[in-house]
Structure formats: structure tokens, C-alpha cells
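Undergrad: Sharing a structure with you now.
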Amino acid sequence: MRTGRISEHGFLADGHSAALVDQAGAVNWWCPPRFDAPSVFGRLLDDAAGHWSIRPVGGFTSTRSYLDDTLVLRTVFTTATGTAAVTDALALEPGARGHRIGLRSPRVLARVVEGLTGEVPMRVDYAPRFEYGRVTAYLTDTDGVIAATGGADRLELRANVPLTCGEGSASGRFTARAGSTHHFTLGYAPTYQGGAPALPDADQVLADAIAGWRSWAALHDYHGDYHDLVRRSAMVVQGMTYGPSGAVVAAATTSIPEELGGDRNYDYRFVWLRDCSLTLQALWLAACPDEADRQFSWVARAVGRTGDEPVPIMYGVEGERDLTEHPLDHLAGYAGSRPVLVGNDAWRQRQNDVLGEVLDAAWLMRYYLDPMSAEVRQLLHALADQAVGEWHRPDAGMWEARDGERHYLSSKVQCWTALDRAVRFGARIGEPADVARWAAARDEVRAVVLRRGWNDRVGAYTGAFDSDELDASVLIMPLVGFLPARDPRMRATIDLLERRLSRNGLLRRWNDDPAGFLICSFWLAACLAEAGELDRARRLFAQLAAQVNDLGLLAEQINENTGEQLGNFPQAFSHIGLINAAGRITAAAGRRGGQPAAPTVLMEDQGG
């Protein structure tokens, strides 16, 4: 494919969706209405699925960066005849500031080209393709506005350089001279819902986006180690937040493979309850308590009233439950990796760990939940009851295995977490008899996990009961307070996982995992810090931090041999792992030095 690798992209966001722009100035991904909508630019997944490129005509090199404390991207092109810059932003609602950004974004992508030195001949190639490349639009030029209409979608592009319409595309050339400025504004609107796309002035879009993001950043002042990395990761998580609901999507893309040419190519543009507790911790650590409050409120609304049926483990950004998966057979796939999938059938699975994730998140937010509403009380009570009834059952596990259910250790541990947090809530969510029942079940789960989870032959806690297979998911045990990291068996497990599954600082989930899984690698750094191995934790964190791309962005996995980022991008889980590991290391350093630690949220320290 002509597009670069996934890590060569920058990330733009507006609180509804995301756009990805590569180092050569091409927008290769944009789904304007919301994160999981069909793309209008989808060249990430097929050359013919649409893109919008602004780049020099001849040879060039490029460097890029975000403007300070923003998700506004500036790319500087250097050629033999001069330099020019392209600044890109998705529009925020005019005047939106602080926690108001992303609530009513106008679905506009603005690009401004500045001539910096000399003269740089530039070219524009605009090829929208609606509905994941299925629909080639009709293009018409009226008074300098190029309208593209096809099916349910409509785009309008206004530029102050001449563009020529062709069959489903438009192109043009211009020269960026020192001091010149060239403006492009692209707006989206549904075809049949009334109203034309917004086409605000491109300079005003950039100014509003810069002011909006900086006003948000000014409200969050993290004090701890790895300050710049944590602030960038927090902004990425905010960029992956759907403003109207407060839900955080797992990633901005679909079907970027875990292994090039492989078939584990899933759609991650949804919201997993599993991510909830870790997301809340990360937002709290990064000094974003208001975002944490909104995230938990979304969880409570999405889960709703529960009974005996399993809790859905994932949702659409507005709480949708039916996320039925289907292939897009007309697309070649990223680097030829097929199938390309939209939707995700994991929504059908039983994953008992989500019970612990939600109750853990509620415990974290307990002061914000006071006084507790009847709806939240009913939800937490029902989830605790489910943990009592379900902990002994097999499930698909946190890695969402599609080959059958097992007694995954991490699921049992998270059922313990659910019951432990329910007991801590006590009378706030249950009667004395309920609390006694939850406490008895909690102690039973713990005893069974300690007995059946430990494997003498392996010398570690393994991935499932009566299994010989190592699994990095057991690293959550000290992170949720089930066992201290210094416990001899836990310590042996941490060491064995590092020896057997880690290479170049990257930890695979299991032996045959095709690449290092970043959040597991950050879990390992956090566990080392909790075990008192602060220097090792810092060395590992430094190795992992070195894997970010030039903009500080991370995908889901990294090939241990080539260093190539793999999986959907940017991956919230990876950035959340970075933030939480930084918090653990900061806290451990404070304990070692006898100094007050940064304000961290460590699950095992959360007393009543």
C-alpha cells in the first residue's frame, strides 16, 4: 500500500471522531459523524478507500509535532527549494473551552499551508470515498466550493487555491512562498438531515482548536515522574473520548492487525467495561477527576438495570449493545491483512472480569457517588450478586478467546475484586446479610485461586486453573490488591513471566503471542515498582517509553524484533498503561525516599 505504517500517523480528534494523518501529509482515516461510523477516507485499509493529501510536488523530508498542549498537528516539509508547513486540526465547537470541548463539534477538518522559506511547489489530491470506500461521490464545483455527495454522506471542501474536479476526485497545484498562506476547510453533513456542512474559516478553526485544547490542558496539572509522557497520554485519552456521553473508545481504528498478514483484525472503536477501572485510574492520576466522573456516569447508564443475565462487556459510544461483526470483503486490508471487520462479536461473550472492573471503578469514584442514587446502588448490588453466582463458571477471559471458555485466573481474581469492593461499600449498597454473603464468597474465591491458580510444576500462577501455560494477565493480582507483589509466589510469577515472555522490554501475553503487548509490559513495570525493584521498573519504563512514535503515540502491540507498532491506533489501553505505571513508579519512589508521593490511585491502598 502507498500509505505508511500505522505508527507513521498523527492523531486528530474533536470529541466525536478521529482523523489520522501520515508523515507525507495524507489524511488516510476519518469517520466524521462518530468514531465507529463508516469512513470517508479509509486508505489505511485499501488504496482505493479514499484519502486527502497535501504535499510537495518533488522530493522532501518532513518533521512534525503537536502544538504545545494540543492535538493540533504541524508538519514541516523541507525540499531543495524551500520549506513549507501544513497545520491540521479537527474543529471544536467555536468558543468551547475546558470540559466543554467535544460536546458539539461541527465535523470539520481544517488544513492551513504556510510558506516558510523559498518556494515549494505543492500538490493537492482529494479523493473522498464514502462508506468504507464503497461509494465514489459525485463532485461538483460551485463558486469555489467542491461538493461531494454519495448515499447518506455529503462533504464540502473550500480552498483558496484552484482545484479541478475529475471522476470522484479533485486535484490542484500551487506554490507555497515565504510568507504565503493557503487555506482548506472540509465539512461533513448527512445528506438527508437538513443543512449544509459547516465551512468556517480555517484560521479560526485552528485558533479555536488550539485555545480549546490548551484550556483543557490547563485544568490538569499532573505532579509525578514522566510528566510530559503522562500529559501527552492523558490528552490522547481525552481525544478518544466521545464528548456527548463521556465514553472512551479503545482505539480510533478497525482491523489494524496484531500480526502483518494475520487474521486477528478486530474493530476497536467501541467501549469496553474492562478498560473502565484502568481508565478511571489513569484519568485520576493525570489530574482529570471530572473526566473520571463522566466516564463512570456513562458506565452506569450503559449497563442499566441488571438481572441474572451476564453483563455486556462492551458498548457503542452511546451505550448501544448490538455490535454484530461483519467483514468488508471489498477492502484489501492493512498491509494485505484480511479480513477487514466492522463491529465486534466479543459483545456476545461472557467475561466475568467486568464485574470487578465496574465495582472497582465505583469504589474509586465513591466520594463522587455520595449520596448514591438508587440506580447506582441497584447496579452495584446486582453485580456483586452476579460475582457470587458466576465466579465458578468458565468464561472467555480478558483476551476474549474465541476458541472456548476456560477458568481464567484473571477472571476469578476480578470476581474477588468485585466482592472485595462490595464488602468495602458495605451498608451503602447492601443489607448486613448481603455483605456477609459477599464476604464469604470473596474468601472462597481467594482460597480457590491460591490453591488452583498456583502451579508447582511451572513455579508460577498460570493463566487458567490446572494449566501449565503462562499468561501475563495474572499481573493484575498485585495491581488490584489480591496479593502483594512481594509475596514469594507472586514474586516468582513476575520473574518467570519476565524471563519467559519478555524480549527487549516487551512482554507477550502468552508464549505464542505474535508481539509484545504494551499494557502487559507496563503492568510488569508497575509490579516491579510495587515489589521494591524501583531501578528495574524505571529501566523497563524507559524502554517502553522509547517505543512511542515521534508524536508520543502508541498502538496496541510492538514487534519485539523489528520495533514496528502493530494493532489498532492509537490504543487507549497502551496510554492508560503508561499513565498508571508512571503513577506506581512515582509512588514507589516516594516510599523509598520517605517523601509524600504524587497523588496516585493504587487499588490496594484504597481503604474505606
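Undergrad: Would you be able to say whether some residue in segment 16-38 is touching a helix residue (DSSP H, G or I) at 6+ places or on another chain (Cβ under 6 Å), of a type in the set (G, A, S), modelled with pLDDT of 95 or more and crowded, with 24+ Cβ neighbours inside 10 Å?
TA: no
Undergrad: Also: Look at segment 285-337 and say how many of its residues are open to solvent by 20 Å² or more (accessible area, probe 1.4 Å), in contact (Cβ under 8 Å) with a residue 24 or more places away in the chain, more than 21 Å from the chain's Cα centre (by Cα) and over 19 Å from V358 (Cβ atoms).
TA: Residues in segment 285-337 being open to solvent by 20 Å² or more (accessible area, probe 1.4 Å), in contact (Cβ under 8 Å) with a residue 24 or more places away in the chain, more than 21 Å from the chain's Cα centre (by Cα) and over 19 Å from V358 (Cβ atoms): 4 in total.
Undergrad: Which of the following residues is at pLDDT 95 or above, in contact with a strand residue (DSSP E or B) (Cβ under 8 Å, 6 or more places away or on another chain), open to solvent by 30 Å² or more (accessible area, probe 1.4 Å) and closer than 29 Å to A555 by Cα: Y188, Y266?
TA: Just a single option satisfies the conditions, and that option is Y266.
Undergrad: Do we find that R486 is more than 18 Å from H407 (Cα to Cα) and open to solvent by 10 Å² or more (accessible area, probe 1.4 Å) in this structure?
TA: So R486 passes the test.
Undergrad: Still on this model: Do the conditions hold for A218, that is, is it open to solvent by 60 Å² or more (accessible area, probe 1.4 Å) and under 33 Å from the mean Cα position of the chain (by Cα)?
TA: The answer is yes for A218.
Undergrad: Which residue out of L163, L157, L219 is in contact (Cβ under 8 Å) with a residue 24 or more places away in the chain and under 30 Å from L285 (Cα atoms)? It would help to see each step written out before you state the result.
TA: Values: L163 fails: under 30 Å from L285 (Cα atoms); L157 fails: under 30 Å from L285 (Cα atoms).
Answer to the check: L219.
Undergrad: Among A588, A555, A526, which is part of a loop (DSSP other than H, G, I, E, B) and surrounded by 24 or more Cβ atoms within 10 Å (Cβ to Cβ)?
TA: Residue meeting the stated conditions: A555.
Undergrad: Moving on to the next point. Does A49 satisfy the condition of being crowded, with 20+ Cβ neighbours inside 10 Å, farther than 30 Å from D322 by Cα and not acidic (D, E)?
TA: It is false that A49 is crowded, with 20+ Cβ neighbours inside 10 Å, farther than 30 Å from D322 by Cα and not acidic (D, E).
Undergrad: Which condition from (1) out of contact with any His (no Cβ under 8 Å at 6 or more places or on another chain); (2) open to solvent by less than 10 Å² (accessible area, probe 1.4 Å); (3) assigned to a helix (DSSP H, G or I) is the one that A282 breaks?
TA: (1)
Undergrad: Also, I was wondering about something else. Is it the case that L470 is assigned to a loop (DSSP other than H, G, I, E, B), over 17 Å from A537 (Cβ atoms) and touching a Lys or Arg at 6+ places or on another chain (Cβ under 7 Å)? Give the derivation first.
TA: Working: assigned to a loop (DSSP other than H, G, I, E, B): yes; over 17 Å from A537 (Cβ atoms): yes; touching a Lys or Arg at 6+ places or on another chain (Cβ under 7 Å): yes.
Judged against the criteria, L470 is a match.
Undergrad: Residues G239, G246, G224: which one is open to solvent by less than 10 Å² (accessible area, probe 1.4 Å) and either polar (S, T, N, Q) or modelled with pLDDT of 90 or more (or both)?
TA: Of G239, G246, G224, the one residue that is open to solvent by less than 10 Å² (accessible area, probe 1.4 Å) and either polar (S, T, N, Q) or modelled with pLDDT of 90 or more (or both) is G239.
Undergrad: Restricting attention to segment 321-329, does a residue exist that is under 27 Å from S39 (Cα atoms), basic (K, R) and in contact with a Phe, Trp or Tyr (Cβ under 9 Å, 6 or more places away or on another chain)?
TA: yes
Undergrad: Name the one entry in G95, G118 that is touching a helix residue (DSSP H, G or I) at 6+ places or on another chain (Cβ under 8 Å) and not hydrophobic (A, V, I, L, M, F, W, C).
TA: Going through G95, G118 in turn, just one is touching a helix residue (DSSP H, G or I) at 6+ places or on another chain (Cβ under 8 Å) and not hydrophobic (A, V, I, L, M, F, W, C): G95.
Undergrad: Further question: Looking only at segment 83-114, count how many residues are touching a residue at least 40 places away in the same chain (Cβ under 8 Å), open to solvent by 10 Å² or more (accessible area, probe 1.4 Å) and more than 25 Å from the chain's Cα centre (by Cα).
TA: 3
Undergrad: Within segment 126-140, does at least one residue satisfy the condition of being touching a Cys at 6+ places or on another chain (Cβ under 8 Å) and surrounded by 17 or more Cβ atoms within 10 Å (Cβ to Cβ)?
TA: Among the residues of segment 126-140, at least one is touching a Cys at 6+ places or on another chain (Cβ under 8 Å) and surrounded by 17 or more Cβ atoms within 10 Å (Cβ to Cβ), which makes the answer yes.
The values are calculated or read from the model by the stated rules, or taken from the named source; none is laboratory data. Here the structure is a predicted model, which is why all the values come from computation and not from measurement. Because the Cβ atoms are built from the backbone with ideal geometry, glycine has one as well, and the counts that use them run over all protein chains shown. Accessible surface is based on the protein model in full, side chains and every heavy atom, while ligands, DNA and RNA are left aside. Shrake-Rupley method; radii C 1.70, N 1.55, O 1.52, S 1.80 Å.
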